[in-house]
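Undergrad: What follows is a structure written as structure tokens; I'll ask about it next.
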Amino acid sequence: MSVNGHFANMGEKPTKEQYERGIQVINENQEFNPTLPNYLSFEKVSPAGFNYHLISVFGSQSTGKSTLLNYLFGTEFGVMAEDDRRQTTKGIWMSKNKKSHAVTDSKTMADNILVMDVEGTDGRERGEDQDFERKSALFALATSEVLIVNIWEHQVGLYQGANMGLLKVVFEVNLELFLKDKKSNPRSLLFFVIRDHLGTTPLANLRNTLIQDLTRIWSGLNKPPGLEKSKIGDYFDFAFAALPHKILQPDRFVSEVEKLGSRFREGFRDPRRDAFKSDQESDGVFLSEYHRRIPADGFSIYAQQVWDQIVNNKDLDLPTQQELMAQFRCDEISREVLEGFDETIIPFENKQAEGTRLGQLEVLGGLGAAMRTARMKTVKAFETEASRYHKGVYARKKGELESKIDGRLKVLFQGQLSAAHKSGVKDFSDAVSAAVKAGQKKGASYDFAEIVDREKKNALSKYDKEARGVLVEGAPWSSYKQEMSLYQKDLNEVSGRLRREEMRRLATRVERWVRSRLGELVGLEFNALGSGRGGSGAPETGERGSETEIWDRIWNVFIKTVQEAERRFTDRAKSFDASPGEVDVGLWRLRRKSWGVLRAKIDEEMMEGNLLLKLRENFEDKFRYDEAGVPRIWRPTDDIEGIYTKARESTLTLIPLLSRFQSSHTSTPPPLDDWIGNAPPEATPADEEDLTPIGGVDEEEGKSLEEEMLILSDAKKQDVTTRFKKTADGVYVEAKRSAIGGMTQ
Ligand code: GDP
Ligand code: MG
């Protein structure tokens, strides 16, 4: 800080020495000191809210103003050396009352009194700059509760004197302000301190003289339209005090100043008082109605704005200034409280952003508590600091702050829900699979539906807990109903998928059973061919003639086996809540697959080697054994050729019989198409993906049911016939030989 037109930087740390004499708020170049906030925090006034007071002193040059303030408030404003009558105070200085609690009698001074020492108004040395008088008066009126008017006793009654000029300015300026601010312009106290009071004229008389002068000034004012009838008492209260000569009566001066000092405390308006009769010598001067209602931490910015308007000769509109200040301060407070918010919240935001980036969003521990605390603290801190400002601005800025933090918290909230959703679905799927695996290991039949039910309940309650954990009271998004129902939907989808997988496993098990069962039963049927007389393999018929009904029997065995399999499948599938549609699809697939199993089994039995073996056995059985099943011993007299031919022809009938799977009664293929049925409407493409097409069932195959039932092609039949005949011939030759051999023996 300096007195020659340059202010220290805002950033510099204030020192005790620097502020010993207070701070120059306005310098002689009419510049406002931007470091005022530093001073107010140095003096610990900033956090005081409304608990502070502002006093300005006015008066002619060198009337002992600074001296008075120093005695009253323990300040150290510069005073003129007694032997050098030059102006000392330049611009406007401010200092905090240093005497707050130093008053002797029980009447302690008010807290945080800030005193402004205003450059003398009729400065001989600044005559060229008359407008500073007006500017400083405006500034003082816009800020101060009490204006001390310092005046020599011998100036009282000199109506044309400099003081009266000053008062005229003050009144005019006040009307100017009042025009713009009809609602809130507070009253001010004009406190006349009469110096060098000789005592010959009582204070009461001096007061009357002053009141007459003031009234005269007021009535002589050019009042703006609408305010012509206004009275001085509408705007000002008046108080009067007299002090003895400082140099001639130094002791009395000190004690009277002390008495005067005790009046700078909170006061209350007596309803019977009026503006002029209000003054009781012992009353507190700070009435709440004088207070400008500028919160202490906003005072600097308010004062600066006001001064800028004054200096630039703009209309000073205090309500607007107060709103601007409120905006400025509320923004500042917002930024301050957001710092604390950031400190807590940014680490979570970073973690979540990182998780999203890597595609590994995780549930963040401690997030909910952090969110709630951060919101509560931030809003509370804002309320504490900002609620003193203009109500409308405060409410708007609070809304802005809340929506800012709620917006950020909402992102965190939803991120957490997504993470809980993702991990919940995965955990659910894993838990069900693990339980199924454990059930399979034990071998016992496990209850799939029960597992799903239990794990779903787990998953839902876990999600609910996570979601509830990040609810924040007061935030407008505190609901997760929709997210919960999406989660539930996904769980249902997953459990549907798991159930279908479980159905597949079941289907595979049942198919395996079908394969082994058919392998056994159909094998027996074919083996029975080898006996040539039917046999133990086909107990249902047991007749030789039943060879022709082999396909009827195989079809029946097939149908029965699959029926049993269907029953097993249905029972089990129902136990885990498969829908009727899903069961239908499973059964449909089972029938198709079973047909594939049977077809493969038949193809295996009909492989050339197997078939030839069966034919040969069949033939040998018919040729070598008689009707009673006794082996023949060939004699030369036997009709070997006749028996041979009969047996061979009988066996040869098997080849066309075996070449087609058809009913022995109708010579038509079994009703495979009807039996399998159409694909159920519930079947999905995935259900059909791994199925082998079946002729006559899947039309687009272009293969008829007859073709599906064709077991041996004509060429194959020809080939097998030729080879069988050769084998039979061999057996015949051998028999012939043995007959001759038996004869020679
Ligand atoms: P300011 O210009 O109004 O601030 O006046 P100062 O406080 O600088 O004082 C101007 C001169 O008046 C100084 O020489 C003071 O010693 C002197 N002075 C201060 N108080 C009194 C007083 O009560 N009576 C008289 N006669 N002189 C005083
Ligand atoms: Mg001075």
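The values are calculated or read from the model by the stated rules, or taken from the named source; none is laboratory data. Keep in mind it's a predicted model, so treat the numbers as computed, not measured. Positions of Cβ are backbone-derived with ideal geometry, glycine not excepted, and every protein chain shown enters the neighbour counts.
Undergrad: Within 13 Å of ligand 1 (Cβ to nearest atom), assigned to a strand (DSSP E or B) and modelled with pLDDT of 70 or more: is that true of Val79 in this structure? Quick ask: steps written out before the conclusion?
TA: Values: within 13 Å of ligand 1 (Cβ to nearest atom): yes; assigned to a strand (DSSP E or B): no; modelled with pLDDT of 70 or more: yes.
So Val79 does not fit the description; no.
Undergrad: Please determine, by comparing only the residues of the range 209-250 that are away from ligand 1 (no atom under 16 Å from the Cβ) and among the small types (Gly, Ala, Ser), which one is surrounded by the most Cβ atoms within 10 Å (Cβ to Cβ). Give the derivation first.
TA: Of the range 209-250, the ones away from ligand 1 (no atom under 16 Å from the Cβ) are 209-240.
Filter once more, keeping what is among the small types (Gly, Ala, Ser): 219-220, 226, 230, 233, 239.
Numbers: Ser219: 10, Gly220: 10, Gly226: 9, Ser230: 15, Gly233: 16, Ala239: 22.
Taking the candidates together, the pick is Ala239.
Undergrad: Please go through the range 305-353 and give me each residue that is within 17 Å of Lys397 (Cβ to Cβ) and β-branched (Val, Ile, Thr), ordered by number.
TA: Within the range 305-353, Thr320, Ile333, Val337 meet the criteria.
Undergrad: Confirm whether Gly365 is outside any loop (DSSP other than H, G, I, E, B) and over 30 Å from Glu332 (Cβ atoms).
TA: Working: outside any loop (DSSP other than H, G, I, E, B): no; over 30 Å from Glu332 (Cβ atoms): yes.
No; evaluated as a whole, the condition is false for this residue.
Okay, residues lined up against (1) over 25 Å from Val170 (Cβ atoms); (2) within 11 Å of ligand 2 (Cβ to nearest atom); (3) in a helix (DSSP H, G or I):
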residue: Asn38; (1), (2), (3): yes, no, yes
residue: Asn51; (1), (2), (3): yes, no, no
residue: Val57; (1), (2), (3): no, yes, no
residue: Thr67; (1), (2), (3): no, yes, yes
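Undergrad: Report the residue count in the range 669-678 for those that are under 15 Å from Pro580 (Cβ atoms) and buried (at least 18 other Cβ atoms within 10 Å of the Cβ). Talk me through it step by step, then tell me what you get.
TA: Of all residues in the range 669-678, those under 15 Å from Pro580 (Cβ atoms) come to 677.
Next, from what is left, pick out any that are buried (at least 18 other Cβ atoms within 10 Å of the Cβ): none.
Total satisfying the criteria: 0.
Undergrad: Is it the case that the range 643-656 has a residue that's surrounded by 16 or more Cβ atoms within 10 Å (Cβ to Cβ) and under 24 Å from Leu518 (Cα atoms)?
TA: Quick first cut of the range 643-656, residues surrounded by 16 or more Cβ atoms within 10 Å (Cβ to Cβ) only: 643-644, 647-648, 650-652, 654-655.
Okay, now just the ones that are also under 24 Å from Leu518 (Cα atoms), so 654-655.
Yes, because at least one residue in the range 643-656 is surrounded by 16 or more Cβ atoms within 10 Å (Cβ to Cβ) and under 24 Å from Leu518 (Cα atoms).
Undergrad: Moving on. Based on what the data block shows, is Lys168 away from ligand 1 (no atom under 16 Å from the Cβ), within 58 Å of the chain's Cα centre (by Cα) and either at pLDDT 90 or above or of a type in the set (D, E, K, R) (or both)? Lay out the reasoning, then the answer.
TA: Numbers: away from ligand 1 (no atom under 16 Å from the Cβ): yes; within 58 Å of the chain's Cα centre (by Cα): no; either at pLDDT 90 or above or of a type in the set (D, E, K, R) (or both): yes.
In short, no.
Undergrad: Look at Ala137 and say whether it is away from ligand 2 (no atom under 13 Å from the Cβ) and either at pLDDT below 75 or at positive phi (or both).
TA: On the way: away from ligand 2 (no atom under 13 Å from the Cβ): yes; either at pLDDT below 75 or at positive phi (or both): no.
Judged against the criteria, Ala137 is not a match.
Undergrad: With exposed (fewer than 13 other Cβ atoms within 10 Å of the Cβ) and not small (Gly, Ala, Ser) as the only criterion, which of Arg396, Arg357 stands out?
TA: On the way: Arg396 fails: exposed (fewer than 13 other Cβ atoms within 10 Å of the Cβ).
Every option except Arg357 fails the conditions.
Undergrad: Do we have Gly22 as more than 16 Å from ligand 1 (Cβ to nearest atom), within 53 Å of the chain's Cα centre (by Cα), modelled with pLDDT under 95 and small (Gly, Ala, Ser) here? Please lay out each step first, then the result.
TA: Details: more than 16 Å from ligand 1 (Cβ to nearest atom): no; within 53 Å of the chain's Cα centre (by Cα): yes; modelled with pLDDT under 95: yes; small (Gly, Ala, Ser): yes.
No.
Undergrad: Here is a further query. Show the residue pairs that are 6+ apart or on different chains and have beta-carbon atoms under 9 Å apart, the first residue being within the range 64-76 and free of Cβ contacts under 8 Å to residues at least 12 places away in the same chain and farther than 8 Å from Asp117 by Cβ, the second being in a loop (DSSP other than H, G, I, E, B) and away from ligand 1 (no atom under 11 Å from the Cβ).
TA: Close Cβ pairs (under 9 Å, with a partner that is in a loop (DSSP other than H, G, I, E, B) and away from ligand 1 (no atom under 11 Å from the Cβ)) amount to Asn70/Glu76.
Undergrad: Let me ask something additional. Please verify whether the range 11-25 includes one or more residues that are over 30 Å from Phe382 (Cβ atoms), touching a helix residue (DSSP H, G or I) at 6+ places or on another chain (Cβ under 8 Å), within 16 Å of ligand 2 (Cβ to nearest atom) and part of a loop (DSSP other than H, G, I, E, B).
TA: Taking every residue of the range 11-25 in turn, at least one turns out to be over 30 Å from Phe382 (Cβ atoms), touching a helix residue (DSSP H, G or I) at 6+ places or on another chain (Cβ under 8 Å), within 16 Å of ligand 2 (Cβ to nearest atom) and part of a loop (DSSP other than H, G, I, E, B).
Undergrad: So, one more: Of all residues in the range 84-117, how many are more than 16 Å from ligand 2 (Cβ to nearest atom), of a type in the set (Asp, Glu) and modelled with pLDDT under 90? I'd like the intermediate steps shown before the answer.
TA: Initially, the range 84-117 is screened for residues more than 16 Å from ligand 2 (Cβ to nearest atom), giving 96-114.
Checking the rest, the ones that are also of a type in the set (Asp, Glu) come to 105, 111.
From what's left, modelled with pLDDT under 90: 105.
Total meeting the criteria: 1.
Undergrad: Do the conditions hold for Ala739, that is, is it at pLDDT below 90, assigned to a helix (DSSP H, G or I) and either in contact with a Pro (Cβ under 7 Å, 6 or more places away or on another chain) or closer than 24 Å to Lys601 by Cα (or both)? Steps first, answer last, please.
TA: Details: at pLDDT below 90: yes; assigned to a helix (DSSP H, G or I): yes; either in contact with a Pro (Cβ under 7 Å, 6 or more places away or on another chain) or closer than 24 Å to Lys601 by Cα (or both): yes.
Taking the combined requirement at face value, the residue satisfies it.
Undergrad: Still on this structure: Filter the range 65-76 for residues that are closer than 19 Å to Ala137 by Cα and either among the polar types (S, T, N, Q) or near ligand 1 (Cβ under 6 Å from one of its atoms) (or both); which is surrounded by the most Cβ atoms within 10 Å (Cβ to Cβ)? Explain how you work it out, then say what you get.
TA: Narrowing the range 65-76 to residues closer than 19 Å to Ala137 by Cα: 65-66, 69.
Keeping just the survivors that are either among the polar types (S, T, N, Q) or near ligand 1 (Cβ under 6 Å from one of its atoms) (or both) gives 65-66.
On the way: Lys65: 27, Ser66: 22.
So the residue we want is Lys65.
Undergrad: Moving to a separate point now. Which condition number in (1) in contact with a helix residue (DSSP H, G or I) (Cβ under 8 Å, 6 or more places away or on another chain); (2) closer than 30 Å to Thr548 by Cβ is the one that Val733 fails?
TA: The one condition Val733 does not meet is (1).
Undergrad: Okay, next question. Mind telling me which of the residues Ala475, Ala435 ends up being under 24 Å from the mean Cα position of the chain (by Cα) and of a type in the set (A, V, I, L, M)? Walk me through it before giving the result.
TA: On the way: Ala435 fails: under 24 Å from the mean Cα position of the chain (by Cα).
On inspection, the qualifying residue turns out to be Ala475.
Undergrad: Got a sec? Which of Ser461, Ser433 is modelled with pLDDT of 95 or more and part of a helix (DSSP H, G or I)? Spell out the reasoning first.
TA: Values: Ser433 fails: modelled with pLDDT of 95 or more.
That would be Ser461, the only listed residue that is modelled with pLDDT of 95 or more and part of a helix (DSSP H, G or I).
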